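What follows draws every value from the coordinates through simple rules; no lab data is involved. Computed from a prediction, not measured in an experiment: that's the story for all the values here. Neighbour counts run over all protein chains shown; Cβ positions are idealised from the backbone, glycine included.
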Amino acid sequence: MRVISIAPTHTESIAALGALEELVGVSEDCDFPGEVARLKTYGSWASPDVRAICRDAPDLVCTFGRHHEEVAAWLQTQGVPVFHSDPGTVSEALQAMALLAGRLGRPKEGERLVSHLHARMEIIDRKIRRIPTAMRPKIFRVMQWDPLITVGPGAFQYDAIQRAGGLNFLGEGASPYARVSHEQAVIWDPDIVFFCEPSLETLVRRDPRWRNTSAVRTGHIFVFPCGLTCRAGPRLVDMTEHLSRIVVEWTARTQRWTDAAKASA
């Protein structure tokens, strides 16, 4: 097959399925694994060159997320086969990988990959089940600072936080990517804050509104690569594992503080 992936998520999944040789083009944002740097690019993820894609007549184009819904629909009207996904949970992301494997004619490879990723998620689930809900940290994912945007139900990152043992800021009924006020977030007082844009760290630490939040006072502010946080490919499990380790460490430290306070009372 001649496959074009304009979504970094699917590019990583194609690589994990052992199908890189079928990939003839990617978006400018596809940067993992490194081998894709040699491939022809078709614009960015945000603005793919759909006419160039049509000219080159691939056997399959991989699109991702709400932003690509119109792109996917237009390509299909031009007779271009499309694989599109927009998972709202970690499990849905794994299911999408299996479906992509089927479209690539690699169902067995897909089964092996997804089975392995599910097994790793089950290890996280068993570890997190041992932590009472009342002892789990409040985790705030910063998508954008001004205006402040975070994740809500229907966003795979929201589910990853929950699967990792964290408590989310927004509840049912909120949009997957919601604009909220800094005042609301500060009142909620997150224990852990993370984002993928390094410049945000200075903003969080120096903003007087955030100065007294638990996350800033205890230094639980984390910068993760966008490749881990923003993509629903195989490395989403890596991200969930990493976040779960932070949750376990935070919980253990909080328990020690609680025990010490009780002992000195």
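Summary table below
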{"item": "Positive-end residue, the chain charge dipole about Cα centroid, Cβ charges, pick of His220, Ala96, Thr41", "result": "His220"}
{"item": "Over region 3-86, relative contact order from alpha-carbon pairs under 8 Å, at least 6 apart, %", "result": "29 percent"}
{"item": "Separation in nanometres of the label points that stand 7 Å from Cα toward Cβ, at Arg120 and Cys226", "result": "2.2 nm"}
{"item": "Likely footprinting exposure, Arg51, Arg205, Arg103, fewest C-beta neighbours within 10 Å first", "result": "Arg51, Arg205, Arg103"}
{"item": "Rg and Dmax [Cα atoms of region 139-193; Å; Rg one decimal, Dmax integer]", "result": "10.1, 28"}
{"item": "Ranked list, fewest to most other Cβ atoms within 10 Å of each Cβ, for His116, His220", "result": "His116, His220"}
{"item": "Label-point gap, in nm, between Ser47 and Lys127 - each point 7 angstrom along Cα→Cβ", "result": "4.2 nm"}
{"item": "Under 17 Å from Lys127, Cα to Cα: aspartates and glutamates that are on another chain or at least 8 residues apart", "result": "Asp159, Asp238, Glu241, Glu249"}
{"item": "Reach of Lys108 by Cα under 19 Å, taken over aspartates and glutamates that are not fewer than 8 positions away in the same chain", "result": "Glu12, Glu21, Glu22, Glu92"}
{"item": "Separation of the Glu172 and Ala134 label points, Cα + 7 Å toward Cβ, nm", "result": "2.3 nm"}
{"item": "For region 3-86, alpha-carbon Rg over 2.2 N^0.38 Å", "result": "0.95"}
{"item": "Nearest-20 debye value, the chain charge dipole, Cβ charges on Lys, Arg, Asp, Glu", "result": "920 debye"}
{"item": "Share antiparallel - DSSP beta bridges, the chain, percent rounded to 5", "result": "20 percent"}
{"item": "Reduced Cα scattering model of the chain, Debye log10 I(q)/I(0), q = 0.09, 0.11 Å⁻¹", "result": "-0.46, -0.66"}
{"item": "Highest-MSF residue in the chain out of Met121, Met97, Met135 [GNM, Cα springs under 10 Å]", "result": "Met135"}
{"item": "Size of electric dipole in region 3-86: Cβ of Lys, Arg +1 and of Asp, Glu -1, about Cα centre, debye, nearest 20", "result": "220 debye"}
